[in-house]
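Values quoted throughout were computed directly from the atomic coordinates according to the rules given, and no laboratory measurement underlies them. The structure displayed is predicted, hence computed values, not measured ones.
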Amino acid sequence: MKRIKTIDAVGHVLCHDITQIIKDQKKGVVFKKGHVVREEDIPILLSVGKENLYVWEKQEGMLHEDEGAQILCEICKNEYMISTEAREGKIEIFAQRDGLFKLDIDRLYQINNLGDMIIATRHGNTSVKKGDKLAGTRVIPLIIEEEKMKKAQQIANNKPIMKLLPFRHKKVGIVTTGSEVYKGRIKDTFGPVIIEKLEEYDTEILGQTLVDDDRIMIVDSIMKYIEKGADLVICTGGMSVDPDDRTPAAIRDTGAEIITYGAPVLPGAMLLLSYYKDGQRKIPILGLPGCVMYSKRTIFDILLPRIMADDPIAKSDISKLGVGGLCLNCEICIYPNCGFGKGI
């Protein structure tokens, strides 16, 4: 810290708050500790009686908090993201478009474990809208060791820890199974729920086919949608272990690769996820459990953003959903960034 004349302070960093008092109008901090003095600040500083200032003296091997925050921002920021200017050691990052937010949690943990710096983000694998806040970076002290920031950069290894995958246009076919619906005994209430959820994305509904609990009929309906160019086929009904429920076996009969039949998520345990290979295309075929029809948020809401962004889903990804995979049906979601996204 050193004392300099205010008129010579442009570009220097304040080591203390500056208070401004205007009778009957204002009393408060006009410049905070850490502020970088600008040319236009000089008249204000002089008007509050500051002929001299205590400023941070640049030291070899030390960085100002704003410089450190910028490094953290560069570690995070990727395509389709915009950031604020550094202020008081803090930068915020926002989405420039709708998409799927991806996060490298392991590298995030390592960087936050270094101390004196933080990167706070929303949960990965979640849907975001243009303008949503993705992360905030912050350096805690006024100055920080340059070597510590280099360690953070080494962990990042020139690869941003965040991604935003744009959602893609999808053609979707819906296959609704169940003799009770096929034979007109009850009205289908599953299809409208699926269509409403798909309307949140850029989708084209190719149609909805009602079929009996018959493996051949189900297979035929799925394949017809694939022949029509479907990018996603959703099967509803017939997903339990009841002998009359044939949907899982029918999906397997298409030749699709079964990623999982079952997920550690409630509601949504009886989910089936598979991929059908058609030339260079891998088309997701989903078997949705009945809970999707009546529960506000389920496993379907967790996986749909990833499917819409062409983000491949592996068996290991499904297994990890067990942590936080129990929706508590909160009247107001107590954890808005949980896997269930929007709560109840």
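Per the Kirkwood formula on distinct C-alpha pairs, the Rh of the chain is how many angstrom? Walk me through the numbers before you get to the answer.
Values: mean 1/r = 0.0423 Å⁻¹.
For the chain, the Kirkwood estimate is 23.6 Å.
Computed over the Cα atoms of the stretch 31-110, what is the convex hull's projected area averaged over all directions, in nm²? Write out the running numbers ahead of the final one.
Working: hull surface 31.6 nm².
Projected over every direction and averaged, the Cα hull of the stretch 31-110 covers 7.9 nm².
Averaging the inverse of every distinct alpha carbon separation and then flipping it gives the Kirkwood radius. What is it for the stretch 231-305, in angstrom units?
Working: mean 1/r = 0.0798 Å⁻¹.
Value: 12.5 Å, from the Cα pair sum.
Once the piece of chain linking I205 and D310 is laid out straight, how much longer is it, given 0.36 nm per residue of separation minus the C-alpha distance between them?
Details: separation 105, 0.36 × 105 = 37.80 nm, distance 1.76 nm.
Going from the current span to full extension adds 36.0 nm.
For K228, go through the lysines and keep the ones whose alpha-carbon is under 19 Å away, minus same-chain ones fewer than eight residues off.
Qualifying lysines at Cα under 19 Å: K170, K171, K277, K282.
Straight distance only, please: which lysines reach the Cα of K33 with their own Cα at less than 23 Å, same-chain residues fewer than 8 apart left out?
Leaving aside lysines fewer than 8 places away in the same chain, those within reach of K33 are K2, K5, K50, K58, K90, K148.
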